[in-house]
Structure formats: C-alpha cells, structure tokens
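K.L.:
Have a look at this one.
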Amino acid sequence: MLDNEANNLSVGQRQLLTIARVFLADPAMLIFDEATSSVDTRTEQAIAKAMDALMANRTSFVIAHRLSTIRDADLILYMEHGDIVEHGTHEQLLGQAGAYAKLYNSQFA
C-alpha cells in the first residue's frame, strides 16, 4: 500500500514507479538523468530492462555515470567540464582508448 507521497518506497522502487508512469504517458522523446544512480545492481538491471522497452523507437537522452546504462546507445557523447571530448558507439569509444575507455575500464575491469 502506497502512502500519498510514496514515502514507504525505496529509492529504487520510486525510480521504477517513475519509469512506469513515463511508459503510460507514451512520450515521443525521453530524457533519463542518472536513472540508476541510487540503486543496487539487481534493481539497476530491472530499471535497464524497463528503459530498453521505453526507448524502443524513440529519441532518448540518457545522462549517466554508470556506463552500463548506455552501452547499447546508438551514439554516446562523453563530456568533461561541459565539453564533448569524445563521441561514438560504445565499441568505437573503447577502441579509441581515451577518456571513455578509461572510465569504462575503471567500472568494469
């Protein structure tokens, strides 16, 4: 049972509820800002599945520090201090062995 402000939900549950609301609204464009920032790995996987379903056939912007959430993006823009310093697919950016690859390897190596 939810209270009026959903205070009895965990952060991850609130994020899943927000994604469900977006799914019902069916917008043409999506913007996710750190959608998995405050959740455990298991909840992150559930959110990632929901996001994949939501992003199908839509323009989507995903802002993330957890690179697992953007691996399958058509285009990744890697920013430092407000400037785009690298861009490409996940595979292309890893192949460049630049800042994106360094961050990715720090998270997954």
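K.L.:
Return the only residue of VAL39, VAL62 being of a type outside the set (S, T, N, Q) and in contact with a Gly (Cβ under 7 Å, 6 or more places away or on another chain).
P.N.:
VAL39
K.L.:
Out of LEU75, LEU17, LEU67, LEU24, which single residue is out of contact with any helix residue (DSSP H, G or I) (no Cβ under 6 Å at 6 or more places or on another chain), at pLDDT 80 or above, closer than 28 Å to ALA109 by Cα and not basic (Lys, Arg)?
P.N.:
LEU75
K.L.:
Being free of Cβ contacts under 8 Å to residues at least 12 places away in the same chain and either over 17 Å from ALA25 (Cβ atoms) or touching a helix residue (DSSP H, G or I) at 6+ places or on another chain (Cβ under 9 Å) (or both) is the filter here; which residues of the range 37-62 pass it?
P.N.:
Scanning the range 37-62 gives THR41, ARG42, GLN45, LYS49.
K.L.:
Which residue out of ALA64, ALA73, ALA46 is under 17 Å from ARG14 (Cβ atoms), surrounded by 14 or more Cβ atoms within 10 Å (Cβ to Cβ) and out of contact with any strand residue (DSSP E or B) (no Cβ under 6 Å at 6 or more places or on another chain)?
P.N.:
The conditions single out ALA46.
K.L.:
Tell me which strands (runs of 3 or more DSSP E) are completely within the range 30-109 and hold 1 or more residues being under 30 Å from ALA20 (Cβ atoms) and not small (Gly, Ala, Ser), or say none if there are none.
P.N.:
Fully inside the range 30-109 and qualifying: 59-63, 76-80.
The values are calculated or read from the model by the stated rules, or taken from the named source; none is laboratory data. Here the structure is a predicted model, which is why all the values come from computation and not from measurement. Cβ sites come from the backbone with ideal geometry, for glycine too, and all protein chains shown count toward neighbours.
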